[in-house]
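Student: My questions all concern the structure below.
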Amino acid sequence: MDPVTIPAKALALQQQLRDLGVERDIVHFPGGVHTAKAAADALGIEVGQIANSLIFWMADAPLLVMTSGRHRVDTDALASALGEGPIGRATPEQVRAATSQVIGGVAPIGHPAPVRTIVDAALADYDRISAAAGTPDTVFLLTFDELVHITGGTVMRVGD
């Protein structure tokens, strides 16, 4: 793959991955992929292997939930398990402020400051998973253990 075609933000994320001991190449979809299903099809994997990066707002702070593409986050159950108040969807402005990335391209890392992260236990069902690489048209493949390592996330069940 021609590295010139990969956006600078994704290349910076690739270097951050390497700094964390995870050697992965960025996959670039010049036309973008706009759904978990489309990303899964393009990568030849199941939709459950897509680690969706969802930013929520809880207790006046961002909360990143890395969830399997096979289900939705049960915010009521998650809020109850965390015991810190209600969880609401972050606005696009809050997402950009917390991550310096846009909805649809939020990576598990590469944020201006650490973001508390929950990693969906359902992602452990797969040998490899895919996560966004900081832009809506880039992803990278990794293992569940690598995802937990790079995010420092707490593993929990987040949906059905």
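The values are calculated or read from the model by the stated rules, or taken from the named source; none is laboratory data. Because the structure is predicted, anything quoted here is derived from the model rather than measured. So basically every Cβ, Gly included, is an ideal-geometry build from the backbone, and we count neighbours across all protein chains shown. All accessible areas refer to the heavy atoms of the entire protein, side chains included, with ligands and DNA or RNA removed. Shrake-Rupley method; radii C 1.70, N 1.55, O 1.52, S 1.80 Å.
Student: Conditions first: (1) on the phi > 0 side of the Ramachandran plot; (2) in contact with a helix residue (DSSP H, G or I) (Cβ under 9 Å, 6 or more places away or on another chain). Leu43 passes all but one, so which condition is the exception?
Tutor: (1)
Student: Next question, about the same structure. Give the number of residues within region 127-148 that are more than 17 Å from Gly69 (Cβ to Cβ), modelled with pLDDT of 95 or more and within 13 Å of the chain's Cα centre (by Cα).
Tutor: Here the count works out to 2.
Student: Could you count how many residues in region 5-32 are within 16 Å of Glu146 (Cβ to Cβ) and either crowded, with 19+ Cβ neighbours inside 10 Å or touching a Phe, Trp or Tyr at 6+ places or on another chain (Cβ under 8 Å) (or both)?
Tutor: Adding up the residues that qualify gives 7.
Student: May I pose another question? Quick test for you: out of Ile55, Ile150, Ile109, pick the one residue that is of a type in the set (A, V, I, L, M, F, W, C) and part of a loop (DSSP other than H, G, I, E, B).
Tutor: Numbers: Ile55 fails: part of a loop (DSSP other than H, G, I, E, B); Ile150 fails: part of a loop (DSSP other than H, G, I, E, B).
Answer to the selection: Ile109.
Student: Another question, then. Give the residue that is modelled with the lowest pLDDT, with candidates limited to residues of region 64-88 that are touching a Ser or Thr at 6+ places or on another chain (Cβ under 8 Å) and under 25 Å from Ile129 (Cα atoms).
Tutor: Across region 64-88, the extreme among qualifying residues is Val73.
Student: Considering only region 113-138, state which residues are open to solvent by 10 Å² or more (accessible area, probe 1.4 Å) and under 16 Å from His34 (Cα atoms).
Tutor: Listed by number, the residues that qualify are Ala132, Thr135, Pro136, Asp137.
Student: Please determine, by comparing only the residues of region 84-104 that are in a loop (DSSP other than H, G, I, E, B) and among the polar types (S, T, N, Q), which one is nearest to the chain's Cα centre (by Cα).
Tutor: Checking each candidate, the answer is Gln101.
Student: Kindly list the number of the only condition in (1) out of contact with any His (no Cβ under 7 Å at 6 or more places or on another chain); (2) within 23 Å of Gln15 (Cβ to Cβ) that fails for Ala98.
Tutor: Answer for Ala98: the failing condition is (1).
Student: Let me confirm something: among Thr67, Thr35, which residue is open to solvent by 70 Å² or more (accessible area, probe 1.4 Å) and among the polar types (S, T, N, Q)?
Tutor: Just one listed residue meets the conditions, Thr35.
Student: Follow-up. With the requirement that a residue be of a type outside the set (Asp, Glu), farther than 13 Å from Gln94 by Cα and open to solvent by 40 Å² or more (accessible area, probe 1.4 Å), what does region 46-64 give you?
Tutor: Val47, Asn52, Ala59
Student: So, Ile103, is that one modelled with pLDDT of 95 or more and not hydroxyl-bearing (Ser, Thr, Tyr) or not?
Tutor: Working: modelled with pLDDT of 95 or more: no; not hydroxyl-bearing (Ser, Thr, Tyr): yes.
So Ile103 does not fit the description; no.
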